[in-house]
Amino acid sequence: MKDEPDPIPGAENPETLTGLRKTEISKVAAGIPAVVSSLKMIVEEAGMKRGMKALWSLNKKGGFDCPSCAWPDPDDERSGIAEYCENGARAVADEATAKKLTPDFFAKNSLADLALLSDYELGRKGRIAQPMYLPEGATHYKPISWNSAFDKIAFALNRLPSPDEAIFYTSGRTSNEAAFLYQLFVREFGTNNLPDCSNMCHESSGVALNESLGIGKGSVTLDDFNEAEVIMILGQNPGTNHPRMMTALQKAKAKGATIISINPLPETGLMAFNNPQTVQGVLGLNAALTDIFLQVRINGDMAALQAIEMLLLKMEKENPGTVLDSHFIENNTLGFENHKQNLQSKDINQLAAVSGISLQQLEKTASVLAQKKKIIACWAMGLTQHKNAVDTIKEIVNLLLLKGSIGKPGAGTCPVRGHSNVQGDRTMGIYEKPSEAFLNKINQNFNFSPPVKHGYDVVEAIKAMHEGKAKIFFAMGGNFLSATPDTLFTAQALQKCGLTVQVSTKLNRSHLIHGKEALILPCLGRSDKDMSGENAQFVSCENSMGVVQSSQGILDPVSDQLLSEPEIVVRLAKATLGKKSKIDWARYIVNYDVIRADIERTIPGFDNYNERVRNPGGFYLPNCNRDGNFDTMSEKAHFNISHVETQELKEDELVMMTIRSHDQFNTTIYGLNDRYRGIHNERRVIFMNEKDVKSRGLENNDLVDLYNFHGGAKRTAKKFVVVVYPIPAGCCATYFPETNVLVPINSVADKSNTPTSKYVVIKVLRHLKTLSDSDDRVD
């Protein structure tokens, strides 16, 4: 490994422990504190005039799509007034900042200097204002012209012995138009190496839903929440990760829906919500959300679901025809009898014990579900990042199938996506395993034969770089190093590349851990005006519920050296492919309607794309489940047979899950506070059960080191502050990306290959100031 800065700042510097201040855990989410927090950041970053102009156009007719989460707007059409939450406002403030990084900044700050800054400090520096280049062996980035940057990338790509030695990563921020052009260029170049952020989050959902129901997307619309009788929320924290979802939950509850939350932590956003857009919310008259809270052990969800299903089967046997939807099961599913026999072979008391939930609570939950016919199940990464994630999500499907709760109003699946267009990027063909039908369309429409060999996903890409099989890494957005598992291993992989290229808006950790040469290509943000062509351009995104809507930036860019992502792809393709290309790339930049026209003739569901995307509410993509159909080989939904597997822990081991703080979105850190959990001015904390703290001879506020030994390798995260918290015994939680260093590269979900960031076995030891790096206490 090259002599580079530590990719995990703060691991060795005690001064980064900034003085933790703790307050009581919040009893209610949002409200006036959320408004104050949002406005404060808007003013600090963008200034009142620029910031409020951006907020006024967020998620609004003729405005731009939120660069934060993928929660949808109301089904009828976009609001005539701006609609946003605290996280959306902070994401806009972060992007709309008036601060910018000129060549002078990079001349004054070496890589070593920048490496001493935290992720929060890096992000606060401002927008990158021009392309930057790091020559081999250099200590500082220096400015480079766009033409020279593209020439360098093209030269490096064209001298590779095989196109498969290049990796092209995609962040969920990328628009439909940019994503389509990106995959088209990559495939004409000759590879399917298109890993994306979905590989690390909802890949497990896509696999499970495809195999069980025939489509890898959720089936519900926002209107379904208004008709639901029960809404189940599993492994998700909407108050921090999807705040606008709480409005939908509040409305559903007002109409009589029962909300059941299953989670290891009693998150504030699950419990109560003050909507600051209502009089009641402003007055602080909090509205409770969750009716039944099941505090499950980490990865105890499958056991809990199977126990509930067993109870439903028992009630159906006692009162035939009153609990299960026998007509739906008989006419629309396969495998019910096998599933029934599998459940009947289990010990419900053992399932309850594994889940960590009392049998009485499970019986109460089953009694509610038994009486209802319209059930929505929502979930996020609390389920998707486990070894058994695919089977756990299929168990959710099993429960819904028992109740006939798919394909009718008020019922269905709802995997809640994190980034604003992660689902759209996959629809556009950002996938390392493209279907034969998709490749045939590429061939038919663009007159070249795309590669059929599967490419690398994220984990495979990291390993390929580490082994020297991949030599160029190109990232369309994101912060790859901070988002991925096994940080030191990933850092070594990137440093073995000949060239790393990052398309970015702001400085992040991935710019500091690089290949022999490195380039930063600054792009327009979602809120920026795009004047790439003859007129102002707009792009489009797909939200969590399959709605495609337009997005048009309204702010003047902070620099005239920023390019749109579609233009970056076009110029890269022209420089790399030259006259060999079968595609007239230049025409795409004149008017993005040309891109959308090619999407329309390539991808099903985009008929009259340019016309329908201009509708205020956009349009829904086809969804077979929503129509009561299942695009499986049998044309029926499939029950899944799965078995609960438990891992015996040693006495000194805990199971750790990584979580977000309230002051972050994915790897973007907005501040050092986690208001709802009562944490202020610190991120290097570990939430532990009081019994686990005492059994280790520790106390609140003690400083500890964390260790993982998966696969015989020793992984260490030093200097974390102990916080006693209401989390199940044997479990603990830490913020990512600080503890991604502990997530093993080889610990992945079956079938989806998603890193198991929600199930990491660790040991916790008191930090010793005099201990050397050769710590032998845990060898």
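Numbers for the structure displayed
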quantity	calculated
Among the residues listed as Ser504, Ser532, the single one being closer than 30 Å to Asp556 by Cβ, surrounded by fewer than 23 Cβ atoms within 10 Å (Cβ to Cβ), touching a Pro at 6+ places or on another chain (Cβ under 9 Å) and modelled with pLDDT of 95 or more	Ser504
Near pairs, Cβ below 7 angstrom, 6+ apart or cross-chain, from region 745-769 (under 17 Å from Asn299 (Cα atoms)) to any residue that is aromatic (Phe, Trp, Tyr)	Ser757/Phe736; Ile762/Tyr707
Subset of region 467-476 (residues that are in a loop (DSSP other than H, G, I, E, B) and either at pLDDT below 95 or among the hydrophobic types (A, V, I, L, M, F, W, C) (or both))	Ala470
Hits in region 718-770 - residues which are among the hydroxyl-bearing types (Ser, Thr, Tyr), within 23 Å of the chain's Cα centre (by Cα) and open to solvent by less than 30 Å² (accessible area, probe 1.4 Å)	Thr734, Tyr735, Thr739, Ser747, Ser752, Thr754, Thr756, Ser757
Exclusive hit being at pLDDT below 95, at negative phi and hydrophobic (A, V, I, L, M, F, W, C), set Ala129, Ala89, Ala138	Ala89
Unique residue being under 29 Å from the mean Cα position of the chain (by Cα) and either buried (at least 24 other Cβ atoms within 10 Å of the Cβ) or charged (D, E, K, R) (or both) when the list is Lys374, Lys340	Lys374
Matching residues in region 405-417 - criterion: being open to solvent by less than 10 Å² (accessible area, probe 1.4 Å) and within 20 Å of Met381 (Cα to Cα)	Gly412, Thr413, Cys414, Pro415, Val416
Breaking point among (1) surrounded by 20 or more Cβ atoms within 10 Å (Cβ to Cβ); (2) part of a loop (DSSP other than H, G, I, E, B), for Leu481	(2)
Residues of region 548-583 satisfying the condition of being touching a Leu at 6+ places or on another chain (Cβ under 8 Å), open to solvent by less than 10 Å² (accessible area, probe 1.4 Å) and within 23 Å of His419 (Cβ to Cβ)	Val548, Ser564, Pro566, Ile568, Val569
Yes/no for Ser559 being small (Gly, Ala, Ser), under 26 Å from Pro522 (Cα atoms) and at pLDDT 95 or above	yes
Some residue of region 487-501 being buried (at least 19 other Cβ atoms within 10 Å of the Cβ), at pLDDT 95 or above, closer than 24 Å to Glu203 by Cβ and in contact with a Ser or Thr (Cβ under 7 Å, 6 or more places away or on another chain)	yes
Selection within region 226-251 - open to solvent by less than 20 Å² (accessible area, probe 1.4 Å), farther than 21 Å from Arg297 by Cβ and either part of a loop (DSSP other than H, G, I, E, B) or of a type in the set (Phe, Trp, Tyr) (or both)	Ala228, His242, Pro243
Any hit, region 110-132, residues being surrounded by fewer than 17 Cβ atoms within 10 Å (Cβ to Cβ) and without any contact (Cβ under 8 Å) to a residue 24 or more places away in the chain	yes
Selection status of Pro143, within 27 Å of Arg571 (Cβ to Cβ), open to solvent by 60 Å² or more (accessible area, probe 1.4 Å) and not acidic (Asp, Glu)	yes
Residues of region 176-225 satisfying the condition of being within 30 Å of Ser581 (Cα to Cα) and either of a type in the set (A, V, I, L, M, F, W, C) or open to solvent by 10 Å² or more (accessible area, probe 1.4 Å) (or both)	Ala178, Ala179, Phe180, Leu181, Leu184, Phe185, Val186, Glu188, Phe189, Gly190, Leu194, Cys197
Verdict on Phe328 being open to solvent by 40 Å² or more (accessible area, probe 1.4 Å) and modelled with pLDDT of 95 or more	no
Cross-chain or 6+ apart pairs with Cβ under 6 Å, region 561-589 first and under 15 Å from Gln183 (Cβ atoms), then among the acidic types (Asp, Glu) and crowded, with 21+ Cβ neighbours inside 10 Å	Pro566/Glu177
Residues satisfying the stated conditions in region 292-314, i.e. surrounded by fewer than 19 Cβ atoms within 10 Å (Cβ to Cβ) and either over 36 Å from the mean Cα position of the chain (by Cα) or on the phi > 0 side of the Ramachandran plot (or both)	Lys314
Test for Thr97: is it β-branched (Val, Ile, Thr) and either touching a Pro at 6+ places or on another chain (Cβ under 9 Å) or closer than 20 Å to Gly525 by Cα (or both)	yes
Identity of the residue in region 507-529, farther than 20 Å from Ala115 by Cβ and part of a loop (DSSP other than H, G, I, E, B), that ends up most open to solvent (accessible area, probe 1.4 Å)	Lys529
Close pairs (6 angstrom Cβ cut-off, 6 or more residues apart or separate chains): outside any loop (DSSP other than H, G, I, E, B) in region 53-72, crowded, with 23+ Cβ neighbours inside 10 Å and charged (D, E, K, R) anywhere	Phe64/Arg526
Residue selected from region 400-423 under the condition over 25 Å from the mean Cα position of the chain (by Cα) and hydrophobic (A, V, I, L, M, F, W, C), by the criterion farthest from Cys624 (Cα to Cα)	Leu402
Subset of region 436-465 [in a loop (DSSP other than H, G, I, E, B), of a type outside the set (D, E, K, R), more than 26 Å from Pro744 (Cβ to Cβ) and open to solvent by 60 Å² or more (accessible area, probe 1.4 Å)]	Asn447, Ser449, Val452
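A quick yes/no check of all residues on (1) of a type in the set (Asp, Glu); (2) closer than 17 Å to Ser544 by Cα; (3) touching an Asp or Glu at 6+ places or on another chain (Cβ under 7 Å):
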{"site": "Leu334", "(1), (2), (3)": "no, no, no"}
{"site": "Lys346", "(1), (2), (3)": "no, no, no"}
{"site": "Ala352", "(1), (2), (3)": "no, no, no"}
{"site": "Leu369", "(1), (2), (3)": "no, no, no"}
{"site": "Lys373", "(1), (2), (3)": "no, no, yes"}
{"site": "Thr392", "(1), (2), (3)": "no, no, yes"}
{"site": "Cys414", "(1), (2), (3)": "no, yes, no"}
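The values are calculated or read from the model by the stated rules, or taken from the named source; none is laboratory data. Small disclaimer: the values here were computed from a predicted structure and weren't measured. All Cβ positions, even for glycine, are placed from backbone atoms using ideal geometry, and neighbour counts span all protein chains on display. Just the protein is used for accessible areas: all its heavy atoms, side chains included, with ligands, DNA and RNA removed. Shrake-Rupley method; radii C 1.70, N 1.55, O 1.52, S 1.80 Å.
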